[in-house]
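Student: The following block contains the structure, expressed as structure tokens.
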Amino acid sequence: MRERLFWILKDYGIDERIAKAFLEVPREEFLMKHYSLSHVYEDVVLVSYEDGEVFSTSSQPSLMAMFMEWVELGEGMKVLEIGGGTGYNAAVMSRIVGENGFVVTVEYFEKVCKIARENVRRLGIDSVAVVCGDGYYGVPDFAPYDVIFVTVGVDEIPEHWFRQLKDEGRVIVPINMKFSGRQPAFLFVKKGNHLEGNYKLETRFIEAGGNLGNLLERNKKLLKEFPFRKTIRVPRLQMFVELVDLLTRRLTRMNGTFYYAGPEGTVEFSGGEMRIYGDTPEIESLLSQWKSCDYRSFEHLTLHVGYNALSRISCTI
Ligand SMILES: C[S@@+](CC[C@H](N)C(=O)[O-])C[C@H]1O[C@@H](n2cnc3c(N)ncnc32)[C@H](O)[C@@H]1O
């Protein structure tokens with residue numbers, strides 16, 4: 001049955017090295033529910049654990065394999081996985097990084113996390129460390145990482161991850177868009193004080209709990225009173241709000257209206273315009289960069305997400 005999955009992945013054009021790793025790990029050992037073996041090796045999402053209180057899923061193998069290709073997962077790499085579930089994907093990645101590499105996986109729900117630990121122990125996989133907790137903080141003890149591999153929908157790429165990633169390291173991440181409810185995945189590369197990246201594809205993962213899933217709430221605390229300055233009309237306002245979300249990590253929502261909560265100013269987005277209070281140079285410069293890229297949606301832009309540096313966009317050729 002495992003060969004069947006191998007050939008499905010090969011048919012997708014997945015690299016042999018990655019497809020073979022799926023051949024080496026028994027997926028059924030990571031599923032706490034019973035499925036027929038033929039179903040286990042279909043290219044589908046499966047519920048791996050559920051008890052009425054918490055649940056976890058084993059992601060679609062072809063999607064995981066594509067993520068592995070995009071981050072150029074290879075021998076000797078150190079990987080941080082966010083959203084460990086019952087440990088299957090971490091086990092597959094451990095086959096690819098080999099004896100000289102290491103996979104650290106973080107799972108939020110204690111029950112699921114303990115199952116993942118037990119699974120890797122039982123199968124004698126010693127190049128995977130399972131950490132229980134909120135993936136928002138990363139795992140500084142094993143940093144720096146070559147790759148951060150995210151298998152849960154998150155609200156932002158926290159600064160902790162940025163700091164724990166090597167320069168030129170890669171992040172593959174599905175991001176929960178607060179305005180549209182979409183969950184696009186992006187591939188980023190660390191370049192100095194920025195992550196530079198592009199849209200890859202649409203996904204539908206479980207949305208994260210903890211600090212990876214409460215950005216709008218947390219940012220409410222950043223909202224302060226500033227004097228009204230001006231109103232600017234913005235074409236395709238929803239798309240601009242999504243760019244602000246991705247690039248500043250300072251979006252929030254109050255009474256159904258979205259705001260940017262900046263350090264020296266606030267922007268209210270509504271009715272096709274932005275009402276600016278105080279100083280918001282970050283937003284005004286993003287708007288002029290976006291205009292020079294013909295107001296394209298994020299799928300057709302390169303994002304440069306700054307950490308203690310201003311974010312910017314460039315027009316993808
Ligand atoms: C799609 S499943 C992951 C599948 C897993 N990689 C596998 O191979 O089975 C997403 C997991 O992310 C976990 N999760 C949710 N919020 C999280 C957080 N803040 N930090 C770490 N894990 C989180 C969920 O409990 C769930 O188990």
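Student: Kindly indicate whether any position in region 18-32 is more than 26 Å from the chain's Cα centre (by Cα), surrounded by fewer than 19 Cβ atoms within 10 Å (Cβ to Cβ) and assigned to a loop (DSSP other than H, G, I, E, B).
Tutor: Within region 18-32 (the criterion being more than 26 Å from the chain's Cα centre (by Cα), surrounded by fewer than 19 Cβ atoms within 10 Å (Cβ to Cβ) and assigned to a loop (DSSP other than H, G, I, E, B)), the answer is no, since none of the residues qualifies.
Student: When you look at T231, is it buried (at least 22 other Cβ atoms within 10 Å of the Cβ), out of contact with any helix residue (DSSP H, G or I) (no Cβ under 6 Å at 6 or more places or on another chain) and not in a loop (DSSP other than H, G, I, E, B), yes or no?
Tutor: The answer is no for T231.
Student: Considering only residues of region 203-241 that are under 25 Å from S285 (Cα atoms) and touching a Leu at 6+ places or on another chain (Cβ under 9 Å), which is farthest from the ligand (Cβ to nearest atom)?
Tutor: I232
Student: Still on this structure, please answer the following. If I filter region 176-183 for residues that are assigned to a helix (DSSP H, G or I), in contact with a helix residue (DSSP H, G or I) (Cβ under 9 Å, 6 or more places away or on another chain), within 21 Å of G306 (Cβ to Cβ) and within 16 Å of the ligand (Cβ to nearest atom), do I get at least one hit?
Tutor: Filtering region 176-183 for residues assigned to a helix (DSSP H, G or I) gives none.
No: region 176-183 contains no residue that is assigned to a helix (DSSP H, G or I), in contact with a helix residue (DSSP H, G or I) (Cβ under 9 Å, 6 or more places away or on another chain), within 21 Å of G306 (Cβ to Cβ) and within 16 Å of the ligand (Cβ to nearest atom).
Student: Sort through V45, V40, V54 and tell me the only one that's within 20 Å of the chain's Cα centre (by Cα) and not hydroxyl-bearing (S, T, Y).
Tutor: That would be V45, the only listed residue that is within 20 Å of the chain's Cα centre (by Cα) and not hydroxyl-bearing (S, T, Y).
Student: Name the residue that is nearest to the chain's Cα centre (by Cα), counting only residues in region 68-89 that are closer than 18 Å to V44 by Cα and within 10 Å of the ligand (Cβ to nearest atom).
Tutor: G83
Student: Looking for whichever is at pLDDT below 95 and not acidic (D, E) here; the options are G52, G76. Which one fits?
Tutor: The unique qualifying residue is G52.
Student: Which condition number in (1) crowded, with 24+ Cβ neighbours inside 10 Å; (2) within 10 Å of the ligand (Cβ to nearest atom) is the one that V103 fails?
Tutor: Among (1) crowded, with 24+ Cβ neighbours inside 10 Å; (2) within 10 Å of the ligand (Cβ to nearest atom), V103 violates only (2).
Student: If you don't mind, another one. Consider only pairs whose beta carbons are under 6 Å apart and that are at least six residues apart or on different chains; among these, list those whose first residue lies in region 177-199 and is assigned by TED's automatic domain parsing to the domain that holds T151 and among the small types (G, A, S) and whose second residue is at pLDDT 95 or above and part of a strand (DSSP E or B).
Tutor: A185/P174; A185/K200; A185/L201; G197/F186; G197/L187; G197/F188; G197/L303
Student: Also, I was wondering about something else. Out of region 57-67, which residues are away from the ligand (no atom under 13 Å from the Cβ) and within 16 Å of the chain's Cα centre (by Cα)?
Tutor: Answer for region 57-67, where residues must be away from the ligand (no atom under 13 Å from the Cβ) and within 16 Å of the chain's Cα centre (by Cα): just M66.
Student: Assigned by TED's automatic domain parsing to the domain that holds F205, of a type in the set (V, I, T) and within 13 Å of K78 (Cβ to Cβ) - does that describe any residue in region 121-129?
Tutor: Yes, the conditions are met somewhere in region 121-129.
Student: Among V106, V97, V130, which is within 19 Å of the chain's Cα centre (by Cα) and free of Cβ contacts under 8 Å to residues at least 40 places away in the same chain?
Tutor: Only one candidate passes the filter, namely V106.
Student: If you don't mind, there's one more thing I want to ask. Which residues, counting only those in region 231-284, are among the acidic types (D, E) and under 17 Å from L303 (Cβ atoms)?
Tutor: Selection gives E242, D245, E282.
Student: Let me ask you something else. For I125, state whether it is closer than 24 Å to A65 by Cβ and in a strand (DSSP E or B).
Tutor: Working: closer than 24 Å to A65 by Cβ: yes; in a strand (DSSP E or B): no.
Spelling it out, it is not the case that I125 is closer than 24 Å to A65 by Cβ and in a strand (DSSP E or B).
Student: Out of everything in region 120-171 that is of a type in the set (S, T, Y) and surrounded by 17 or more Cβ atoms within 10 Å (Cβ to Cβ), what residue ends up being farthest from E207 (Cα to Cα)?
Tutor: Residues of region 120-171 of a type in the set (S, T, Y): 127, 136-137, 145, 151.
Within this subset, residues satisfying the condition of being surrounded by 17 or more Cβ atoms within 10 Å (Cβ to Cβ) are 127, 136, 145, 151.
Values: S127: 27, Y136: 13, Y145: 23, T151: 10 Å.
Looking at residues that are of a type in the set (S, T, Y) and surrounded by 17 or more Cβ atoms within 10 Å (Cβ to Cβ), I get S127.
Student: For residues in region 33-56 being assigned to a loop (DSSP other than H, G, I, E, B) and small (G, A, S), which is farthest from the ligand (Cβ to nearest atom)?
Tutor: Of all residues in region 33-56, those assigned to a loop (DSSP other than H, G, I, E, B) come to 33-36, 41-45, 51-54.
Imposing the further condition that a residue be small (G, A, S) reduces the set to 36, 52.
Working: S36: 19, G52: 15 Å.
Per the stated criteria, the residue is S36.
The values are calculated or read from the model by the stated rules, or taken from the named source; none is laboratory data. None of the values given here were measured: they were computed from a predicted structure. Note that each Cβ is placed from the backbone with ideal geometry, even for glycine, and that neighbours are counted across all protein chains shown.
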